[in-house]
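Worksheet for the structure shown next.
The values are calculated or read from the model by the stated rules, or taken from the named source; none is laboratory data. What you are looking at is a predicted structure, and each value in this text was computed from that prediction instead of being measured. When we count neighbours, we look across all protein chains shown, and the Cβ atoms used for this are built from the backbone with ideal geometry, even at glycine.
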Amino acid sequence: MSATGTPALEPARPGRAGSGLTATLAHARHVVSGNPVTAFAFGLLLILLACAVAGPALAPYDPLASDTMAALQPPSAAHPFGTDQLGRDILSRVIVAARLDLAIAVFSVALVFAVGGLAGVAAGFYGGWTDRIVGRIADTIMAFPLFVLAMGVVAALGNTVTNIVLATAIINFPLYARLARAEAAVRRNAGFVLAARLTGNTDARILLTGILPNILPIMMVQMSLTMGYAILNAAGLSFIGLGVRPPTPEWGIMVAEGASFIVSGEWWIALFPGLALMLAVFCFNLIGDGLRDIVDPQRRT
């Protein structure tokens, strides 16, 4: 109590209410510990990230070193995944390939989120000509078979990693633009937007600090799903010869190289890269629901 008899204000105590980051991390631990499927997906993601970050250090052999004397050896203690037609260790190549495939997925998803997401938010918020232009661009891209369009972009620009990232972002643009547009259109006349306008906030500030954070949970789920599709797209382009060039370790190339040996009995050359590709896509598909539970404030208790 103060000298006048009125209650004195208590000084703010650090950590009393808890920071937003701390609350999010605590909620993430609750979600992961309470859902075995989500915990498995995040554990698999950690393994993939470890392979991507420290792949060359984890690989037992040089992924580019060939040894014709050890060619086409089946899985053994020395080579758990066997060797390919040039005697290269398949386990080492699968581990090192994770860096390239995940990098293509991350950069392509980041690019399409920045371009397609912001374009969709602007289209839904402003409407009019902005909505028409973004909608026509999305409709034009959707008019083509998406993988065929990616093939055309890479064939026209050259099969480099940069062009693969660009092609993957282009074919995913309609998904992000339409999703962001629909969510922004629902919220552009919401109470918090009208209140922000009345207090003098600019449209750009409302978009970045009001609309975008509210649609982020569903966009995060879409990003997770697109990561798996981006990995499949890169592997598919490499499989048909329009992706990364050999001898660079890449899962699609390795599956393509091993496909011709399945008939003769060397099944391991294509099997293990294919399993790595399947697990990566499976991981990102499962993580989508977990991310929604973590970042969506309505699901917090």
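Identify, from the list 181, 197, 187, the residue that is under 26 Å from residue 125 (Cα atoms), of a type in the set (Lys, Arg) and buried (at least 22 other Cβ atoms within 10 Å of the Cβ). Among 181, 197, 187, only 181 is under 26 Å from residue 125 (Cα atoms), of a type in the set (Lys, Arg) and buried (at least 22 other Cβ atoms within 10 Å of the Cβ). Counting only helices (runs of 4 or more DSSP H) wholly contained in the range 139-239, the ones carrying 3 or more residues that are among the hydroxyl-bearing types (Ser, Thr, Tyr) and touching a residue at least 24 places away in the same chain (Cβ under 8 Å) occupy 212-239.
Selection over the range 54-97 of residues that are hydrophobic (A, V, I, L, M, F, W, C) and assigned to a loop (DSSP other than H, G, I, E, B) gives a count of 9. Identify all residues within the range 251-272 that are outside any helix (DSSP H, G or I) and of a type in the set (Asp, Glu); write none if there are none. 266, the sole residue that qualifies. Out of curiosity, is residue 155 modelled with pLDDT under 90 and either loosely packed, with under 15 Cβ neighbours inside 10 Å or of a type in the set (A, V, I, L, M) (or both)? Considered against the rule, which asks whether it is modelled with pLDDT under 90 and either loosely packed, with under 15 Cβ neighbours inside 10 Å or of a type in the set (A, V, I, L, M) (or both), residue 155 comes out as no. Of all residues in the range 43-56, those satisfying the criterion of being surrounded by fewer than 18 Cβ atoms within 10 Å (Cβ to Cβ) and more than 11 Å from residue 92 (Cβ to Cβ) are 43, 44, 46, 47, 49, 50, 53, 54. Screening the range 88-114 for residues that are surrounded by fewer than 17 Cβ atoms within 10 Å (Cβ to Cβ) and either free of Cβ contacts under 8 Å to residues at least 60 places away in the same chain or of a type in the set (S, T, N, Q) (or both) and picking the one that is nearest to residue 277 (Cα to Cα) gives 103. Screening the candidates 75, 60 for the property of being in contact with a Leu (Cβ under 7 Å, 6 or more places away or on another chain) and not polar (S, T, N, Q) yields one hit, 60.
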